[in-house]
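Everything below concerns the one structure shown next.
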Amino acid sequence: MKTGNNHRHNICLSRMGITFKRIFMSILALSLAFNIYATNTPNQFSDDVIRIAVVTDVEGSWSESVGQGALVAAEMALDDIGGKVGDYAVEIQLIDHKHKKGEEASALAKRLIDDGFDVITELSGSSTAIPIYKYANRKKIVTIVVGAGSSSLTNKNCSKTGFHWSFDTYALSKGLTKAIASNKDGGKWYFIGLDGFVQPSAADAKPFIESNGGKILGIKGFPWKSGKTNFKPEIEKAKNMGATVIAIANAGSESVAAVRQIHESGLFVEEGSIVSLLTLLQDIRQLGLYSSRGLQFVSPFYWNYDNVTKEFSKRFLARHGSAPSSAQAAMYSSVFHYLRSVKRSGTDDGIKVARMMKSLPIDKNDPFARNAYVRTDGRMVHDMYLVEVKSPEETTEAWDYLKLIDIIPGEDAFRPLEESECPFISN
C-alpha cells in the first residue's frame, strides 16, 4: 500500500513538476515577448523629458538676429505643437556659445550631450557650428544648423543626424552673383568678410561669376571681433586693384560696419557694386535706409511676404518686440518639424528621429519655407528670394525695408544632390 501510495505521490509530483515547468516557461516566454515589444514599440524615450539646446550668440554682435529671439521662436513652436509631445515634457534652454571654435566648441557639444540634450540647434557661425556638428554626429545626436552658412555642412561634413535649415553659402552666392554678374559682364570681384564664411562664399560664387565672364581679384578674411574691424584698408585695396564689385561675407555688426565703411568711402557708388551675401532684417535697421538703400541680397524669408508670414511675424513681434529675422523664423520651423518628427516616430533616438525628419513633409502652414522638403543629406530645400532694400520714401510701415525682385526656386537655389560630396550619399 505504501509502495502504491508512494508511486502515485511520485507521479503527482512529476506531473506537478511538468506543470510548474510549463508555467515557468510560459512566464519566461511572456517576459521575452514583452521585452521585444518594449524594444520595438513607439513611445521609447531615453527619459521623461525632451531637451532642446538653443546654442547661439546671446550677447555678441549677432544677438539681435538670433539670440533671445531664437529662444522665443523655439518656444512658439513648442506652444503650437501643444506644449509637450504625447505625455513627455519638453525643455528648451538658451546657451551662449561665445563663438567658441575647434576643440572648445567640441567640448561644449560633449557637455551638452552629457547633460542629456536630445537636439542641438541654431549654431550661428560656421567656425562654431562645424565642430559641434561633427561631434554630435559621432554621438548620433540630432543637430539642426540655422545661423551658420558653410555649405560643407550638408556636403563633405554631412551627418546622418545633421540638418541645415535656412541658408548656405552656395545658395546665397549663386542667387546673388548670377543676378549681379549678368548685369555687369561678370564683373571684377573682391571678397571681404569673416574667416570661415568668406572663403566658402567666394568658392561657391566663383563658377557663377566666371560663367558670366567675371573673375575674383582677391579674398580677405578677418577674425570675429564683434563689429570692431576696420575694413577701410581692404576697401581701398579692392578699388586700387580695379574691382567693380565688393562682396561682403559678414553677419551682424561686422556686416553693418563693412557696408557703412564702404558707403562712407565713396569708392563704390554704382548700382550693384556693393554686395552683401548675408543680410538680416536687424542689420538694415542698424544701417538705416539711407546707407543701405539699393543693396541687393538673397534671403530665405521675409516677414511681409504673404498672410502666413505676416501672421507669424505679428505673434513674434508681440512676444519679442521686433519683427523676426530669417534665422529666427527658421528656428521656429526647425523646432516645430523636429517635435512633429519625435511625436510621429515615438522616440527621441537620434537616428530614428532624423529618419522621420527626412521623410515627414514640412507642415503646409510653415511660416518660414515655401515649396520645402528635407533631402537625404539633411539639406532643407526651399525657395529663396532676391530682394532689394527700399529707399526711405518707399517704406509704408515699421520694418517695411525690402522689396521682392525675384523668387529663386529651391531646386535652383541649393547645390544639386548629384554634385554632393556627402560620404553616406555617395556610398
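Just so you know, all these numbers are worked out from the coordinates, no wet-lab data involved. Small disclaimer: the values here were computed from a predicted structure and weren't measured. Cβ coordinates were reconstructed from backbone atoms using ideal geometry, including for glycine residues, and neighbour counts include every protein chain displayed.
From Cα pairs below 8 angstrom and at least 6 apart in sequence, can you work out the relative contact order of region 154-248, rounded to a whole percent? Don't skip to the answer; put the middle values down first.
Details: 123 pairs, mean separation 31.0, N = 95.
Relative contact order, region 154-248: 33 percent.
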Among 395, 408, 380 - extreme Cα towards positive end, dipole of region 375-414, charges at beta-carbon:
380
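How would region 312-427 be classified by its alpha-carbon gyration tensor: rounded, prolate or oblate, with rounded meaning a/c under 1.5 and the a/b versus b/c comparison settling the rest? Kindly include the intermediate steps, with their values, before the conclusion.
On the way: a/c = 3.24, a/b = 1.51, b/c = 2.14.
Judged from the Cα gyration tensor, region 312-427 comes out oblate (a/c at least 1.5, b/c at or above a/b).
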At 25 °C in a medium of viscosity 0.890 mPa s, region 170-277 has a Stokes-Einstein diffusion coefficient, with Rh taken as the Kirkwood radius over alpha carbon pairs, in µm² per second, of 183
Net dipole in debye of region 170-277 [+1 Lys, Arg Cβ; -1 Asp, Glu Cβ; about Cα centre; nearest 20]
140
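Kindly rank 148-160, 83-95 from highest to lowest mean number of other beta carbons found within 10 Å of each residue. Intermediate results must be reported in sequence, preceding the final value.
Details: 148-160: 23.8, 83-95: 14.9.
Highest-to-lowest ranking by the protection proxy: 148-160, 83-95.
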Which FRET efficiency, nearest 0.05, do residue 418 and residue 351 yield, Cβ-Cβ r, R0 22 Å?
0.35
What is the distance, in nm, between label points placed 7 Å from the Cα along the Cα-to-Cβ direction at residue 182 and at residue 98?
4.7
Measure nothing but the geometry: give the 0 to 90° angle between the long axis through the Cα atoms of 198-211 and the longest principal axis through the Cα atoms of the chain, rounded to 10°.
70
If you place +1 on the Cβ of every Lys and Arg and -1 on the Cβ of every Asp and Glu, how big does the dipole about the Cα centre of the chain come out, in debye to the nearest 20?
2020
Among 298, 273, 143, flag the residue with its Cα farthest along the positive direction of the charge dipole of the chain, charges on Cβ as +1 for Lys/Arg and -1 for Asp/Glu.
143
Can you tell me the Rg and the Dmax, both Å, for the Cα atoms in region 95-237?
17.0, 54
In whole angstrom, and with the biggest value first, how far do the Cα coordinates of the chain range along each principal axis?
123, 44, 35
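Can you work out the FRET efficiency for the pair residue 156 and residue 393, with r the C-beta to C-beta distance and R0 = 45 Å, to the nearest 0.05? Intermediate values should be presented prior to the final figure.
Details: r = 46 Å, r/R0 = 1.03.
Taking R0 as 45 Å, the efficiency between residue 156 and residue 393 is 0.45.
If packing is taken as the mean number of other Cβ atoms within 10 Å per residue, what is the order of 412-422, 202-212, highest first?
Numbers: 412-422: 15.7, 202-212: 19.4.
Listed from highest to lowest mean packing, they are 202-212, 412-422.
Suppose R0 equals 45 Å. What FRET efficiency, 1/(1 + (r/R0)^6) with r the Cβ-Cβ distance, do residue 270 and residue 140 give to the nearest 0.05? Please list the in-between numbers first.
Numbers: r = 51 Å, r/R0 = 1.14.
Once rounded, the FRET efficiency stands at 0.30.
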Descending Cα extents along the principal axes, region 297-375, whole Å:
36, 26, 20
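At 1.567 mPa s and 4 °C, plugging the Kirkwood radius over alpha-carbon pairs of region 103-186 into Stokes-Einstein gives what diffusion coefficient in µm²/s? Let's see the in-between values first.
Values: Rh = 13.5 Å.
Calculated translational D: 96 µm²/s.
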Going highest first, how would you order 44-54, 262-272, 182-192 by mean Cβ packing within 10 Å?
182-192, 44-54, 262-272
The helix 350-359 Cα axis meets the longest alpha-carbon principal axis of the chain at an angle in degrees, between 0 and 90 and rounded to 10, of 60
Taking the Cα centre of each part, how many Å lie between region 200-264 and region 126-184?
20
